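Working notes, beginning with the structure itself.
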Amino acid sequence: MSTLDLLRQDRVLSVVRAPVIDDARDLCSALVAGGIHVIELTFTTPDLPRHLERAASGDTGAVVGAGTVQTAAQAKAAVDAGAQFLVTPGQGPEAAPIVAAAHGAGIPIVLGAFTPSEVMTAVALGSDAVKIFPAHHLGPKYLKDLAGPFPGVPLVPSGGVNANNARQFLEAGALAVSAGTDVVSPADVAAARWSEITTKATTFSTALT
């Protein structure tokens, strides 16, 4: 099953934005136990490639990618560490090389966008899906408006999505939603509170049904 197919099935990916990760493999196992299989570790975490390698070192059942990718060098480092997809917060001057790095490795790329023009640019650059960020500012209605002119573009809202509004984004046409600190808090990650993360992941996943 491809990453996009898995996203379509789970309807959620977990974004981990933490200054410290106790054990990336255990973290992935905790999220999978809660029903979330697509996991984005971000370059805002120090030494991200090491955590990507750790996450890929065991059969956790997770598909793990790299987020907050802003340069071609970061894209290459993530790919070399075993990232299974890449995500950007927007489209900087190295967006095209980032897309090339992902597709050269045979993995999907999700470029960040906010406006219709940015969605068009992401599609033109070859983005496999488009992250709408920050989604909470204009909410599900804005996503529905975007889905109108882009019916074939997989949209993934991110930023401020939680268990209370996630279903609304899906009903507005999202392929899946990004779950952030509502599921994975930096404190839980640093303290290795894996059972707490599993419980939050289960709660979030259940809210989507």
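Laboratory data are not the source of any read-out in this text; all were calculated from the coordinates shown. All of these numbers come straight from a predicted model, not from anything done at the bench. For neighbour counting, all protein chains shown are included, and Cβ atoms are generated from backbone atoms with ideal geometry for every residue, glycine included.
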Residue-normalised 222 nm signal for the chain, counting each DSSP H run of n ≥ 4 as -39,500 (n - 2.57), nearest 500 deg cm²/dmol, is -12000 deg cm²/dmol
Cut-off 15 Å (backbone N to label point 7 Å along Cα→Cβ of residue 136), residues of region 147-175: 157-169
Taking the Cβ-Cβ separation of residue 164 and residue 1 as r and a Förster radius of 22 Å, what is the calculated FRET efficiency to the nearest 0.05? 0.15
Calculate the FRET efficiency for residue 209 and residue 57 from the Cβ-Cβ distance with a Förster distance of 30 Å, rounded to the nearest 0.05. 0.40
Dividing the mean separation of Cα pairs under 8 Å (6+ apart) by the residue count of region 10-90 yields a relative contact order in percent of 29
Name the aspartates and glutamates eligible as straight-distance cross-link partners of residue 76: C-alpha to C-alpha under 15 Å, and not fewer than 8 places from it in the same chain. 47, 53, 94
Beta carbons within 10 angstrom, averaged per residue: use that to sort the peptides 24-33, 106-115, highest first. 24-33, 106-115
Fewest to most Cβ atoms within 10 Å: 137, 51 sort as 137, 51
Near the amide H of residue 177, under 5 Å away, which other amide H atoms are found, from residues 5 or more places off or on another chain, if H is placed in the peptide plane? 12, 13
Can you tell me which lysines have their Cα less than 24 Å from the Cα of residue 144? Leave out same-chain residues fewer than eight positions away. 131
In the chain, what percentage of the DSSP-assigned beta bridges are antiparallel, given to the nearest 5? 0
Quick query: amide H of residue 38 versus all other amide H atoms, modeled in the peptide plane; which residues come in under 5 Å with a sequence gap of 5 or more or a different chain? 14, 63
Name the long-range amide H neighbours of residue 131: under 5 Å, sequence gap of 5 or more, or other chain; modelled H, no Pro or chain starts. 111, 112, 113, 156
As computed over the chain, the Cα convex hull volume per residue (Å³): 102
